[in-house]
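Here's the structure we're looking at; comments come further down.
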Amino acid sequence: MSPRVARRAAVSVIVVATGISVLAVLLVLAAWRNDRTIESDMGTATAEVLSAGSLRSAVSFVTPDGVTHNPKLGVLYPTNLTAGQRIDVEYARHEPDLVRVAGRDASVAIVPAGSVIVVTWFVSLPALLVLRRRVRTEGS
């Protein structure tokens with residue numbers, strides 16, 4: 001591998017690792033923004049979990065005006081839910097499709113996002129060190 005190719009590879013590793021890190025931070029910020037939106041005009045309801053997964057769970061709930069809502073994107077913070085379970089949810093009254101499991105907030109996104117950042121750099125730094133050695137070795 002020529003020093004020029006090694007340098008380009010190193011820059012690529014840095015760009016990808018930085019991009020992944022930025023996306024993880026943006027994910028937490030988006031969750032925080034969603035929480036602020038919900039808290040600014042919060043309604044509460046009891047919902048039925050229609051389907052449950054680790055990344056997306058579908059729920060159905062009725063607002064005080066008698067309208068049944070089944071948010072297309074599911075409920076925020078869906079971990080440890082099971083189909084058929086009845087849960088309390090909090091939603092933005094002006095946007096009832098924005099709904100989260102009651103008592104959960106963006107803080108539950110910090111550990112997974114932080115883990116993604118740590119693993120990304122745990123893999124990237126050794127790769128950068130190897131590329132740096134190749135640049136030095138072949139460049140001399």
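For helix 107-139, what angle does its Cα long axis make with the longest principal axis of the chain, in degrees from 0 to 90 and rounded to 10? That works out to roughly 10 degrees.
Within the chain, what whole-number % of the accessible surface is contributed by carbon and sulfur, with the 1.4 Å probe and all protein chains included in the calculation?
About 63 percent, which is the carbon plus sulfur part of the accessible surface.
Summarising the amide proton neighbourhood of Val99: residues at separation of 5 or more, or on other chains, whose placed amide H is nearer than 5 Å comprise Leu76.
With R₀ set to 35 Å, the beta-carbon distance separating Arg132 from Val22 gives a calculated FRET efficiency near 0.95. Using a probe of 1.4 angstrom and keeping all protein chains present, the accessible surface of the chain works out to 62 square angstrom per residue. Taking the DSSP beta bridges with both ends in the chain, the antiparallel portion is around 95 percent. Against the longest principal axis of the chain, how steep is helix 3-40, in degrees 0 to 90 to the nearest 10, with axes from Cα atoms? Taking Cα atoms only, the helix is inclined about 20 degrees. Among the trypsin sites (Lys or Arg not before Pro) found in region 84-126, those both in a DSSP coil and sparsely packed, with 16 or fewer other Cβ atoms within 10 Å of their Cβ, are Arg93. Relative contact order for region 70-137: 27 percent, from Cα pairs under 8 Å spaced at least 6 residues apart, divided by residue count. Only DSSP H runs of four or more residues enter the estimate; each adds -39500 (n - 2.57), and after division by the residues of the chain the mean residue ellipticity at 222 nm equals -18500 deg cm²/dmol. Here each label is just a point 7 Å from Cα along the line to Cβ, and for Leu125 and Asp65 those points are 5.3 nm apart.
In this Cβ point-charge picture (+1 for Lys and Arg, -1 for Asp and Glu), the chain has a dipole of about 1280 debye about its Cα centre. With an 8 Å cut-off on Cα pairs and a minimum separation of 6 or more residues, tell me the relative contact order of region 29-100 in percent. Relative contact order comes out at 37 percent.
For the chain, dividing the convex hull volume of the Cα atoms by the residue count gives 115 Å³ per residue. Contact order for the chain, expressed relative to its length and based on alpha carbon pairs under 8 Å spaced 6+ residues apart, stands at 33 percent.
The values are calculated or read from the model by the stated rules, or taken from the named source; none is laboratory data. Keep in mind that this is a model prediction, so the values were computed, not measured. Note that each Cβ is placed from the backbone with ideal geometry, even for glycine, and that neighbours are counted across all protein chains shown. Side chains included, ligands, DNA and RNA excluded: accessible areas come from the protein's heavy atoms. Shrake-Rupley method; radii C 1.70, N 1.55, O 1.52, S 1.80 Å.
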